[in-house]
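Below is one structure; the comments refer to it alone.
The values are calculated or read from the model by the stated rules, or taken from the named source; none is laboratory data. This one's a predicted model, so the numbers in the text were calculated from it and none came from an experiment. Here the Cβ positions follow ideal geometry from the backbone for every residue, glycine too, while neighbour counts run over all protein chains shown.
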Amino acid sequence: MYDFKWSDAEKRLARRVFELALKAELADIMAEFKARAAAAAEPDDMWSIEQHLHHKRREIEAKYDFRYSRLILLFAQLLREGRMQEEHLAGLADEKLSSIRRIASL
């Protein structure tokens, strides 16, 4: 979708930002899982937790797609969700940053 050229430095930055955001989101899901598991009182609660985790896994797998053509959209989504700050993207070319800002504002 976005056919930007990525320098080696931008690729390293993008990978680092991607990994940090993924790790943070997985930590949130893990904390939620632990709370739900601790609150489980009935056997049916296990299946509810399982369904929830399955849903979250599918969301994560669809969302965190490390293809350079998709990173602009992902970073915009993460900004919009408050999972990333624009400062984390310092070092990307201005054209990429402006595209990310524009998409995040939609």
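Scanning the stretch 48-76 for residues that are of a type outside the set (A, V, I, L, M, F, W, C) and closer than 20 Å to ARG12 by Cα yields LYS63, TYR64, ASP65, ARG67, TYR68, SER69, ARG70. Checked against (1) modelled with pLDDT under 95; (2) in contact with a His (Cβ under 6 Å, 6 or more places away or on another chain), VAL17 meets all criteria but (1).
Could you please give the count of residues in the stretch 11-23 that are within 14 Å of LEU74 (Cβ to Cβ) and in contact (Cβ under 8 Å) with a residue 24 or more places away in the chain? Residues flagged as within 14 Å of LEU74 (Cβ to Cβ) and in contact (Cβ under 8 Å) with a residue 24 or more places away in the chain within the stretch 11-23 amount to 8. Take ASP65 and decide whether it is in contact (Cβ under 8 Å) with a residue 60 or more places away in the chain and among the charged types (D, E, K, R). Here the answer is no, as ASP65 does not meet what is asked. Inspection of the stretch 24-37 identifies at least one residue that is farther than 30 Å from HIS88 by Cβ and without any contact (Cβ under 8 Å) to a residue 24 or more places away in the chain.
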